[in-house]
Amino acid sequence: MNRTELPILAESVPPTWKLERLKHTVHIVVEKATGADQSLPYIGMEHVESWTGKILGMAETMDDSMANICRPGDVLFGKLRPYLAKVVMSEGTYRCTPEFLVLRAYRYQPTFLRYLLLSNAFIDLVNSSTYGVKMPRASWDFIGEIRVPVPPADAQRSISSFLDHETAKLDQLVEKKQRLIELLQEKRQALITQAVTKGLDPNVPMKDSGIPWLGEVPAHWEIAKTSRVAISIQTGPFGSQLHTEDYVDDGIPVINPSHLVDGDIVPDPTCAVSPVTKQRLIRHELMSGDIVFARRGEIGRCALVTEAEQGFLCGTGCFRLRLDSQIVNPAFVVLLFSTPWMRDWLLIESVGSTMDNLNTQILSSTPLLIPPLTEQHRIVQRVSEISEAIRQATKKLEQQAVLLSEYRQALITAAVTGKIDVRQYSSDHAEVVSQ
C-alpha cells in the first residue's frame, strides 16, 4: 500500500498540523494478565458506553484467561462491530477484554487520542474495513495505516479542553431528555394502575379488595378468579410436538416469550412453521382477542392478539388465554396484568427454583378486578388516549436526544480534524479561570 492509497481521516488540516499513520503515533500494547493480576478490576465491552467513552462500571472478579493489562493513560478501542464506538481512556491499572485494542500514545495526549478515535470519521472509516460474517471485526493492520491528524501539543490540549466542556453540556442535556422519558413512562404506569384498580370516578364508593397490597377498589366492581371469565387456558405445544426442523422462513409465526415486547406481539420471520405443521398444531392457534402470556422469565409479560396476529401459533414457552367477551374486555385484562400489584401476586405464586414459572393452575386462580363491561371499555379508551399522548411526547424527546447526540459527534469530528478553531474558546476559558 503506497502513501496515496492509505486510508485518510481528513484530506486537509491546519498548516501547523501533520498527517501521520496512526501506528507512528501510538504503540499497540499486548500485556497479558498473569496470576498476580487476577485481582485487578476488569473492563469488558459491556462496561463502556458507546460514543461517550464513559465507564459504566467494572467487574471486580472476572475469569478471562486472555485478558490484557491496560495502564493509566492507555486508550482502549473496541475492535468488534457493533462495538467500534466503545472507546475509553484508562485511569488506572486494570484487566480488559482482548476485544479492545490497547493503545499507548507517544505523540498524542491520551484525552485527544480518545476523542480522535471516537470521531464519526474514524469510526466510519474503520467500520468500512471490518471483516468476518458472524462477528465482524477490525484489524490493526488496517487501523494502524490510517493517516490521522497530529496537532501540536498546545492545540491538542485546547481541543481536549474544549471538547470536555462542550460534550459535558451536551451529555447533561441528553441525560435530562432521558430522565424526562423515564418520568413519562412512570406517569403512564401510575395512570394505568389508577384507572384499572380505582376506576375513572374519584368519588365512587369503595370497598376493601381483600388483597393487602391492593387496598380498596370501587364497591360495584367484582373480584373473580380468571377461571370464571376464561373460555380456555391453553399451554403452547410441548417440545416433542415442535422440533427445530419444523421451522421455516417466512411461514406462519410461532409466538414465544421473546416476541412479547412492551405489550405488543413482535414476530420473528425465522420462527415460523409451514401450513401443514400449523394444521397439526391447530389447537394452539391464536384468535383476535386472545391474550398470550410468557410462562417463564419476566413474570406477567403478556400481549393482546389483534387482527394482525390472528392465525399465528402460541409457542412452547407461552399460554393462550381466551376470555368470555360478554364479561370482560381482553384489552382491560392486559392492562390489569401490566400493573405492579398483579405482577407481585404472580411472582409470589410462581414456581421454580432457578427461574420463575407460571402454570395453568396459577393463571386460573389469579384474581381479576371486573368492572361492568361498559366501564371497562371506557377505561381502555381513556388509557389508550393517555398512552398515545405520552407516546408522542416520548417520541419528541427521543428525537431531540438523537439530534443532540449527532451534534456531539459532529462537533468531535470537526474539532479533532481542525475544521473548527477552538483557540478563542481556550482564551476565553483561561480568562474566566484566572479571574
- [ ] Return the only residue of SER364, SER350 being surrounded by 14 or more Cβ atoms within 10 Å (Cβ to Cβ), of a type in the set (S, T, N, Q), under 21 Å from THR193 (Cβ atoms) and over 24 Å from the mean Cα position of the chain (by Cα).
- [x] SER350
Open item on the list: Among the residues that make up the range 76-83, is at least one of them small (Gly, Ala, Ser) and either farther than 26 Å from SER161 by Cβ or modelled with pLDDT under 95 (or both)?
Closed with: no
Task: Qualifying residues in the range 263-321 (those that are open to solvent by 30 Å² or more (accessible area, probe 1.4 Å) and among the small types (Gly, Ala, Ser)) - the one nearest to SER364 (Cα to Cα) - done: GLY297
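This table checks each residue for (1) in contact with a helix residue (DSSP H, G or I) (Cβ under 6 Å, 6 or more places away or on another chain); (2) over 22 Å from LEU76 (Cα atoms).
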{"position": "SER119", "(1), (2)": "yes, no"}
{"position": "TRP140", "(1), (2)": "no, no"}
{"position": "GLN156", "(1), (2)": "yes, no"}
{"position": "SER161", "(1), (2)": "no, no"}
{"position": "GLN178", "(1), (2)": "no, yes"}
Open item on the list: Could you check the range 367-382 and list, in sequence order, the residues that are open to solvent by less than 20 Å² (accessible area, probe 1.4 Å) and in a helix (DSSP H, G or I)?
Closed with: GLN376, ILE379
- [ ] Kindly list, by first and then second residue, each pair from a residue in the range 378-397 that is closer than 16 Å to GLY263 by Cβ to a residue that is in a helix (DSSP H, G or I) and among the polar types (S, T, N, Q), limited to pairs with Cβ atoms under 8 Å and residues at least 6 apart or on different chains.
- [x] ILE390/GLN185; THR394/GLN185
Task: Out of ILE123, ILE211, ILE159, ILE181, sole residue that is under 16 Å from LYS86 (Cα atoms) and either of a type outside the set (Phe, Trp, Tyr) or assigned to a loop (DSSP other than H, G, I, E, B) (or both) - done: ILE123
Task: Hits in the range 132-156 (condition: part of a helix (DSSP H, G or I), closer than 15 Å to ALA414 by Cα and among the hydrophobic types (A, V, I, L, M, F, W, C)) - done: ALA155
Open item on the list: Could you go through the range 99-107 and let me know if any residue there is in contact (Cβ under 8 Å) with a residue 12 or more places away in the chain, open to solvent by less than 40 Å² (accessible area, probe 1.4 Å), on the phi < 0 side of the Ramachandran plot and among the acidic types (Asp, Glu).
Closed with: no
Task: Scan of the range 383-406 for residues that are surrounded by 14 or more Cβ atoms within 10 Å (Cβ to Cβ) and either over 29 Å from the mean Cα position of the chain (by Cα) or hydroxyl-bearing (Ser, Thr, Tyr) (or both), ordered by number - done: SER387, THR394, SER405
Open item on the list: I'd like the residue in the range 249-277 that is in contact with a helix residue (DSSP H, G or I) (Cβ under 8 Å, 6 or more places away or on another chain) and among the hydrophobic types (A, V, I, L, M, F, W, C) and, out of all such residues, is nearest to LEU368 (Cα to Cα).
Closed with: ILE265
Open item on the list: Please determine whether any residue of the range 194-203 is among the basic types (Lys, Arg) and touching a strand residue (DSSP E or B) at 6+ places or on another chain (Cβ under 6 Å).
Closed with: no
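The values are calculated or read from the model by the stated rules, or taken from the named source; none is laboratory data. All figures in this text were calculated on a predicted structure; none of them were measured in a lab. Here the Cβ is made from the backbone with ideal geometry for all residues, glycine too, and neighbour counts use every protein chain on show. We work out accessible area using only protein heavy atoms, side chains counted, and drop any ligands, DNA or RNA first. Shrake-Rupley method; radii C 1.70, N 1.55, O 1.52, S 1.80 Å.
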